[in-house]
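*Asks:* Quick one: the structure is below, and I'll ask about it shortly.
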Amino acid sequence: MRFLVRLTTLAATVAALLVPSAASATAPTATLTAATITFTTNDDDKDADTQVLVDITAADGRPVASRHDQYSHFDDDSVHGPYGLYVFEGITAANLVPGSLRIADQSSVWDTWKFGYRVTLTFSDGTTYVVSEKYKQLDDWDSFTTSFAVVAQARVPDLRGRSQTEATAALKAVGLVVGTVFTKKASRCEDVGTVLSSSPSAGTPLDAGRKVDITIGTKPSIPCV
């Protein structure tokens, strides 16, 4: 009975580890500050002398994070980690659209390892992004590569009172772009030539690259001096 309880608890732990979490709303300019990996061995263990290479690269080929380690012997049905990866400086969320994860097996003897993994990327704005798969297999000098894209988001800034040029610059600064520019008669002369409203409105989270429509005030019915 005690053994059965242990297996049930382990199964629950494995399931919790390998269910992908929802992508975080990471700002495009947020920098990568930490990266970890957790391994869950299934029904074929990893030998102690098998070296595992984990490398993450950016869309432009730059190294993002890595760890090359033998770790230890990973028993069947066991969870190991999280292990920290070395993180290279200056990598932003925008650099990981897409990113690439490579895991390789370098073994001096025959070794087949069946496992799952969970990579967690942490960014400077406090958000995280998870890359995970439940069932993978590596043999001697085998490897696989998985592509992923960090869902980079930004909140629409408050554009009211800004000129069209200023609004364009403010959107670009957070990874968004100006969409359709509408015009509407302003209720006050001081609002002429400035943004009256935006759609979506200020504070709305959007994926990087999305368009934001703006409405510019034109001369009202009353004369403006």
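*Asks:* Condition (residue is closer than 22 Å to residue 149 by Cβ and of a type in the set (Gly, Ala, Ser)) applied to the range 72-88: is it met by at least one residue?
*Replies:* No: zero hits.
*Asks:* Please enumerate the residues belonging to the range 34-57 that are modelled with pLDDT under 95 and either small (Gly, Ala, Ser) or at positive phi (or both).
*Replies:* Selection gives 48 alone.
*Asks:* Identify the single condition in (1) of a type outside the set (Val, Ile, Thr); (2) assigned by TED's automatic domain parsing to the domain that holds residue 57; (3) surrounded by fewer than 18 Cβ atoms within 10 Å (Cβ to Cβ) that residue 163 does not satisfy, given that it satisfies every other one.
*Replies:* (2)
*Asks:* Given (1) of a type in the set (Gly, Ala, Ser); (2) under 25 Å from residue 43 (Cβ atoms); (3) within 21 Å of the chain's Cα centre (by Cα), identify the lone condition not met by residue 100.
*Replies:* Unmet for residue 100, out of (1) of a type in the set (Gly, Ala, Ser); (2) under 25 Å from residue 43 (Cβ atoms); (3) within 21 Å of the chain's Cα centre (by Cα): (2).
*Asks:* For residue 129, are the conditions met, namely being closer than 22 Å to residue 39 by Cα, touching a Phe, Trp or Tyr at 6+ places or on another chain (Cβ under 9 Å), in a strand (DSSP E or B) and modelled with pLDDT under 95? Before you say what the answer is, go through the steps one by one.
*Replies:* Details: closer than 22 Å to residue 39 by Cα: yes; touching a Phe, Trp or Tyr at 6+ places or on another chain (Cβ under 9 Å): yes; in a strand (DSSP E or B): yes; modelled with pLDDT under 95: yes.
Criteria met by residue 129.
*Asks:* Do the conditions hold for residue 109, that is, is it in the same structural domain as residue 53 (by TED's automatic domain parsing), of a type in the set (A, V, I, L, M), surrounded by fewer than 16 Cβ atoms within 10 Å (Cβ to Cβ) and at negative phi?
*Replies:* Answer is yes for this residue.
*Asks:* Right, residue 119: closer than 22 Å to residue 55 by Cβ, in contact with a helix residue (DSSP H, G or I) (Cβ under 7 Å, 6 or more places away or on another chain) and crowded, with 18+ Cβ neighbours inside 10 Å or not?
*Replies:* Numbers: closer than 22 Å to residue 55 by Cβ: yes; in contact with a helix residue (DSSP H, G or I) (Cβ under 7 Å, 6 or more places away or on another chain): no; crowded, with 18+ Cβ neighbours inside 10 Å: yes.
Here the answer is no, as residue 119 does not meet what is asked.
*Asks:* A further question on this structure: Check every one of the strands (runs of 3 or more DSSP E) wholly within the range 34-94 and list those with 1 or more residues that are in contact (Cβ under 8 Å) with a residue 12 or more places away in the chain and of a type in the set (Gly, Ala, Ser). Before the answer, list the steps.
*Replies:* On the way: elements: 51-57, 63-69, 78-84.
Ranges flagged: 63-69, 78-84.
*Asks:* Give the residues of the range 71-81 that are surrounded by 15 or more Cβ atoms within 10 Å (Cβ to Cβ) and more than 17 Å from residue 134 (Cβ to Cβ), sorted by residue number.
*Replies:* Scanning the range 71-81 gives a single hit, 71.
*Asks:* So which pairs qualify, if the first residue must be in the range 135-160 and of a type in the set (Phe, Trp, Tyr), the second must be part of a loop (DSSP other than H, G, I, E, B), the Cβ gap must be under 9 Å, and the two must be at least 6 apart or on different chains?
*Replies:* That search, which allows pairs on different chains as well, returns 141/107; 148/98.
The values are calculated or read from the model by the stated rules, or taken from the named source; none is laboratory data. Remember, it's a predicted structure, so these values are computed and weren't measured experimentally. We place every Cβ from the backbone using ideal geometry, glycine too, and count neighbours over all the protein chains shown.
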